[in-house]
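**Student:** Pasting a structure here, questions to come.
The values are calculated or read from the model by the stated rules, or taken from the named source; none is laboratory data. Quick caveat, the model's predicted, so the values are computed rather than measured. Cβ coordinates were reconstructed from backbone atoms using ideal geometry, including for glycine residues, and neighbour counts include every protein chain displayed. Areas reflect the complete protein model, heavy atoms only, side chains present, ligands, DNA and RNA absent. Shrake-Rupley method; radii C 1.70, N 1.55, O 1.52, S 1.80 Å.
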Amino acid sequence: MLKKIRRKVKLVISKSFKKRSKPPKTPKTITPPPSPPPPLSPLSPLSPSSPIMAEPHHHHHIPQSSPFLFPKIESSVIPDPSPFFSPDLLTAPLPTNSFFQNFVLKHGDQPEYIHPYLIKSSSSSLSLSYPSQFLTSVFIYQIFNPDLTISASNKTDPDSQRRHIVSSFSDLSVTLDLPSSNLRFFLVRGSPFLTCAVSGGTALSITTIHAILSFSPSSSRTKYTIKLNNGQTWLLYTSSAINLTHDISSITSDAYSGIIRIAILPDSNPRFESILDRFSSCYPISGKAELSKPFCLEYRWDKKGWGDLLMLAHPLHLRLLSADDEVAVLDDFKFNSIDGELVGVVGDSWKLKLDPVSITWNSIKGVKEEAFPEIVSALCRDVEDLNSSNISTTSSYFYGKLIARAARLALIAEEVCFLDVIPVIRKFLKNTITPWLDGTFSGNGFLYEGKWGGLVTRQGSTDSGADFGFGVYNDHHFHLGYFLYGIAVLAKIDPAWGRKYRPQAYSLMADFMTLGRHSSSNYPRLRCFDLWKLHSWASGLTEFADGRNQESTSEAVNAYYSAALMGLAYGDTHLVATGSMLAAMEIKAAQTWWHVREGDKIYAEAEDFTRENRVVGVLWANKRDGGLWFAPPEWRECRLGIQVLPVLPITEVLFSDVQFARELVKWTLPALGREGVGEGWKGFLYAMEGIYDKEGALEKIRKVNGYDDGNSLTNLLWWIHSRGDEEEGRFEGGKYCLFSHYCH
C-alpha cells in the first residue's frame with residue numbers, strides 16, 4: 001500500500017503539489033528550485049490575554065433526556081486547572097491524559113514531546129530541543145537540551161504572573177500563549193516547524209546553550225541560517241523582514257510583529273533545505289481527527305499562509321495512509337524520533353485506513369466438541385466458587401477484574417453449550433455490579449467531579465494513591481473496561497437488568513469514550529486515547545518528566561473491546577463501530593511500539609534494546625522502559641503477562657503474529673527458573689505458547705496451581721481448545737472479518 005502512495009511523488013522538490021485524482025502517466029522533468037514564496041501571512045495583532053483561535057464548540061441538540069450522572073463530589077486531591085487554561089475553556093470538560101498534560105500541571109515547566117521536538121515552557125519563554133537518544137539494553141529515552149529558547153527581550157506585561165495559557169487545544173495541536181511576552185505558539189503535532197505569532201511590535205530574544213558558529217541572513221532578511229557547535233543547523237523564517245543580530249549564544253531582534261517559524265535541518269543535510277524553504281510559508285494552527293467512516297480516521301489541519309502543508313508521519317501513520325489519498329510522501333525527508341523515523345507528507349488532510357476487526361462474544365474459530373467435557377468440568381468448579389460475599393477487596397481495579405472473570409465464565413458456558421451454570425453467574429454479576437451503579441457499595445463507589453469533568457472513586461477523591469490513582473484520572477480505561485465487560489455480559493444474559501441500568505452503564509463508558517467536543521458534555525473527548533499516536537495513555541494528572549505513559553496495552557484493548565460488546569448487548573451500532581475501531585488502532589500501536597521483534601527496525605538506533613527485549617514494559621511519550629511499575633526488567637513473565645491479560649477472543653487479533661508469539665515465549669521461559677515466580681503469570685505465558693503448540697501448552701496449564709485474579713482454569717482451557725491450526729507469519733485483523741472477502 002505504501003508503495004502505491006510513494007509512486008505519486010518521486011522528486012518532490014521539482015514539481016508542484018496541485019492535487020490530482022490520478023497520478024500523472026508521463027514522467028516530469030526536473031526543474032530548478034522555485035523562487036522564494038510570498039511572505040508568510042501574519043495574524044492580526046494579538047491580545048495575549050484574550051483566547052482567540054480557540055476550538056469552536058459545535059452544538060447539535062438532539063431532543064433527549066439528560067444523561068445519567070453519578071453523584072457529584074468536590075475532590076480534595078485534584079489539581080486546579082484554572083491557572084493554565086483560558087477562562088472560556090474552563091466551562092467545558094478538560095483533557096486529563098493528553099499529549100500536553102505537563103503544560104497544565106504543577107508549574108507547567110516539564111517538557112512534552114510534540115513530534116519532532118521536545119518543548120518546554122517556563123515563565124516567559126519557550127525552549128525547543130531536537131532530542132538525541134540515550135540507549136541501554138533496558139531503556140531508551142530522549143535527552144532534553146534547550147537548543148533554542150525564544151522569549152521577548154522585555155516583558156510586555158510585567159504584572160502578569162501567569163506562566164503560560166492554553167488558549168486552545170484539539171486532537172492534533174495545542175496553542176500556548178505567553179501573556180507577558182506577546183507570543184503565541186501553535187504547537188501542532190508532526191510539524192517540522194515551530195510556529196510563533198508575535199504581536200505588538202515585540203523585540204525578541206533567542207538563546208542557545210551551544211555556541212553559534214555562523215549566522216547567515218537571506219537577502220530579504222526573511223530567512224536566517226543558524227549553525228551551532230553541536231553540529232545542528234537551524235533555519236528561521238519570518239513573514240516579513242526582521243533585523244536580527246547575534247553574539248556567541250544569543251540572537252536579538254528589533255521590534256517585530258508577524259510569524260516566525262523555526263526548523264531543524266535534519267542531519268544538517270543541505271538536500272533538505274530546499275524542502276523546508278518550499279513549505280515554510282504554509283503553517284498549521286490546529287488540527288482535528290475525525291472518525292468519519294468505519295475503520296477510517298481522517299486528519300484535517302487548519303492552516304494559514306501560502307502553498308501546501310508539510311507534516312511528518314510516524315511509522316504507523318505510513319502503514320495506514322490510504323493508497324487513494326491525495327497526499328505525497330517524501331520518502332527521504334526524515335527526522336529522528338524515539339517512535340521511529342518521521343517522514344515528510346504533503347497534504348492538508350490524511351486518511352488512515354485500518355483492516356476491520358470483528359467484535360465477537362466467543363472465540364473466533366470455535367471450540368471442538370471433544371474438548372467440551374474438560375472445559376465443563378473446570379467451569380463447574382469455578383462457578384461453584386463464585387460468592388460475592390467473600391470478596392474482600394474494595395479496589396475498583398481488582399473488583400472489576402473479579403467481575404470480568406465471572407463474566408468470562410458465562411460466555412464460555414454458552415460456547416460449550418452448558419447453560420446450567422448461567423443462573424449462578426447471573427446472580428453473582430448482579431450482586432457485584434449493581435451496588436457500584438446504584439451507589440450502595442459500602443467500601444467504594446463512582447462519583448463525578450466537575451473541575452476537569454469525570455469519574456473518581458470515593459476512595460480516590462481523598463487519596464491520590466488509592467485505586468492506582470483513579471482519583472487523579474489514572475488508568476480509567478483499565479478499571480472501567482473490566483466493569484463494562486461484566487455489564488455487557490450481564491445485559492446480554494439478563495436484558496431486563498440491562499435496560500434498568502443502561503444509563504449508569506453508558507455513563508461509565510462515556511467517561512473515557514465521549515466523542516463530542518461541545519461544552520455541554522460531562523466528559524472530555526476520548527480521555528485516554530491519543531488520536532495522533534493511535535493508542536491510549538494511562539497516566540492522568542500526575543507530572544512526569546517523560547510525559548504520559550501506558551503499561552498494559554492488552555487492558556487498553558479490553559476497554560474498547562468491552563465497550564463494543566456493550567454496544568452489541570444494547571443494539572447500539574455506533575458504539576460497536578467506535579469501540580471496534582479504537583480497539584483496532586490500539587492493537588496496531590501495540591504491535592508497532594510495544595511488541596519488539598527480533599531484527600525490528602522501529603528502534604533502529606537501539607540495537608541492544610531490540611536484542612534484549614521482546615516486549616516493552618512501560619511506554620512513555622519520551623522513553624521506553626523494560627521495567628514495570630510493579631516489577632524489575634528481569635521479571636519477564638510479568639512483562640509478558642501485563643501485555644496479555646485479560647485473555648479474550650480479541651487476544652487472538654492482538655497476537656496474530658505467530659512467529660512473534662514464538663519469540664516472546666522463548667524470551668520469557670528462562671525467567672520461570674527464578675525463585676518466587678507467581679503461578680498466575682505462568683498461565684499467560686502458556687496461553688501464548690498455545691498459539692503455536694497446543695498440546696505442550698495444555699499439558700503445562702493442567703499443572704498450574706493458581707491463576708491471576710482476572711483469570712481462571714476455565715478461561716485458559718477455553719483459550720487452548722479454541723486455537724486452530726495456526727500458520728506461521730503475521731496476519732492482519734481483516735482475516736477475522738469474513739465479510740471483507742465479499743466487499744471488494
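**Student:** Determine, at each q value in 0.09, 0.16, 0.20 (inverse angstroms), the log₁₀ of I(q)/I(0) that the Debye formula gives when each Cα of segment 262-412 is one equal point scatterer.
**Tutor:** Treating every Cα as an identical point scatterer, log10 I(q)/I(0) equals -0.57, -0.93, -1.26.
**Student:** Run the 1.4 Å probe and let me know the accessible area of L187, rounded to the nearest 10 Å².
**Tutor:** Per-residue accessible area (L187): approximately 10 Å².
**Student:** With a 1.4 Å probe and all protein chains in place, put D325, D463 in order of accessible area, largest first.
**Tutor:** So the residues, ranked largest to smallest area, are D463, D325.
**Student:** Using only protein heavy atoms and a 1.4 Å probe, report how much of C638 is accessible, in Å² to the nearest 10.
**Tutor:** C638 exposes around 0 Å² with every protein chain in place.
**Student:** Let me check the size of segment 517-577 from its C-alpha atoms; what are the radius of gyration and Dmax in Å?
**Tutor:** For segment 517-577, the Cα-based Rg and Dmax read 13.9, 43 Å.
**Student:** Separate question: May I ask which residue of L265, T610, G678 lies farthest towards the positive end of the charge dipole of the chain, with charges of +1 (Lys, Arg) and -1 (Asp, Glu) on Cβ and the Cα centre as origin?
**Tutor:** L265
**Student:** Same structure, new question: Principal axes first, then extents: for the Cα atoms of segment 471-526, list largest minus smallest coordinate on each axis, whole Å, largest first.
**Tutor:** So the extents along the principal axes, rounded to whole Å, are 34, 24, 16.
**Student:** Let me ask something additional. If you line up the Cα atoms of the chain on their principal axes, what length do they span on each, largest first, in Å?
**Tutor:** 84, 57, 53
**Student:** Any idea what Rg and Dmax come out to for segment 549-666 if you just take the C-alpha atoms, in Å?
**Tutor:** 15.1, 49
**Student:** Same structure, new question: On each of the three principal axes of the Cα atoms of segment 127-237, give max minus min coordinate, whole Å, ordered largest first.
**Tutor:** Computed over segment 127-237, the largest-to-smallest principal extents equal 48, 38, 25 Å.
**Student:** Same structure again: Net charge near G498: determine it from the other residues with C-beta under 14 Å of the C-beta of G498, scoring Lys and Arg +1 and Asp and Glu -1.
**Tutor:** With Lys, Arg at +1 and Asp, Glu at -1, the net is +4.
**Student:** May I pose another question? Can you give me the accessible area per residue for the chain, using a 1.4 Å probe, in Å²?
**Tutor:** About 38 Å² of surface per residue is accessible.
**Student:** Treating the angle as unsigned and between 0 and 90°, give the value, to the nearest 10°, between the Cα long axis of helix 372-384 and the longest Cα principal axis of the chain.
**Tutor:** Tilt relative to the chain: about 90 degrees.
**Student:** Something else: Two-decimal Rg/Rh of segment 378-511 from alpha-carbon positions, Kirkwood Rh?
**Tutor:** Ratio of gyration radius to Kirkwood radius: 0.99.
**Student:** Right, here's the next one. Taking the Cα centre of the chain as origin, sum charge times position over the Cβ atoms of Lys and Arg (+1) and Asp and Glu (-1), and report the length of that vector in debye to the nearest 20.
**Tutor:** 2280
**Student:** Can I ask one more? Starting from the residue with the highest accessible area, list T149, T207 in decreasing order, probe 1.4 Å.
**Tutor:** The ranking, largest first, comes out as T207, T149.
**Student:** Note the full-extension length gain between D331 and N431 as 0.36 nm times their separation in residues minus their Cα-Cα distance, in nm to one decimal.
**Tutor:** Contour length minus Cα-Cα distance gives 30.2 nm.
**Student:** Would you kindly calculate the mean projected area, averaged across all directions, of the convex hull enclosing the Cα atoms of segment 192-251, in square nanometres?
**Tutor:** Mean projected area for segment 192-251: 4.4 nm², to one decimal.
**Student:** Something else about it: Which entries of K303/K623; K303/K451; K430/K451; K401/K427; K155/K304 show an alpha-carbon separation above 21 angstrom in the structure shown?
**Tutor:** K303/K623; K303/K451; K430/K451; K155/K304
**Student:** Continuing with the same structure: Compute the helix-to-body angle for 396-415: its Cα long axis versus the longest principal axis of the chain, expressed 0 to 90° and rounded to tens.
**Tutor:** Between the helix axis and the principal axis of the chain, the angle is about 60 degrees.
**Student:** Okay, next question. Let me know the longest stretch in the chain that avoids all GluC sites (Glu not before Pro) found in a DSSP loop with at most 11 other C-beta atoms within 10 Å.
**Tutor:** Looking at the chain, 75-674 is the longest stretch - no exposed GluC sites (Glu not before Pro) with at most 11 other Cβ atoms within 10 Å.
**Student:** About its Cα centre, how strong a charge dipole does segment 667-717 have in debye, to the nearest 20, once Lys and Arg get +1 and Asp and Glu get -1 at the Cβ?
**Tutor:** 80
**Student:** State the percentage of accessible surface on the chain attributable to carbon and sulfur atoms; use a 1.4 Å probe and exclude ligands, DNA and RNA.
**Tutor:** C and S atoms contribute 52 percent here.
**Student:** Using only the heavy atoms of the protein chains and a 1.4 Å probe, how would R278, R527, R499, R163 rank by accessible area, largest first?
**Tutor:** R499, R163, R278, R527
**Student:** Output needed for segment 469-596: three equivalent-ellipsoid semi-axes, defined as square roots of 5 times the C-alpha gyration tensor eigenvalues, in descending order, whole Å.
**Tutor:** 25, 16, 13
**Student:** Could you pull out every residue, at least 5 positions away or on a different chain, whose amide H is within less than 5 Å of the one on L309? Hs are placed 1.01 Å off N in the peptide plane, and Pro or chain starts have none.
**Tutor:** G347, D348
**Student:** Also: For segment 366-464, which trypsin sites (Lys or Arg not before Pro) are in a loop by DSSP, counting at most 11 other Cβ atoms within 10 Å?
**Tutor:** K368
**Student:** Could you tell me the accessible area of S151 in Å² (1.4 Å probe, neighbours in place), rounded to the nearest ten?
**Tutor:** Number for this one is 20 Å².
**Student:** Report, to the nearest 10°, how far helix 573-589 tilts away from the longest principal axis of the Cα atoms in the chain, using its own Cα long axis and a range of 0 to 90°.
**Tutor:** 70
**Student:** Cross-link partners among aspartates and glutamates for K601, C-alpha distance below 17 Å, same-chain residues fewer than 8 apart left out?
**Tutor:** Reachable aspartates and glutamates: D331, D332, D339, E341, E612, D657, E663.
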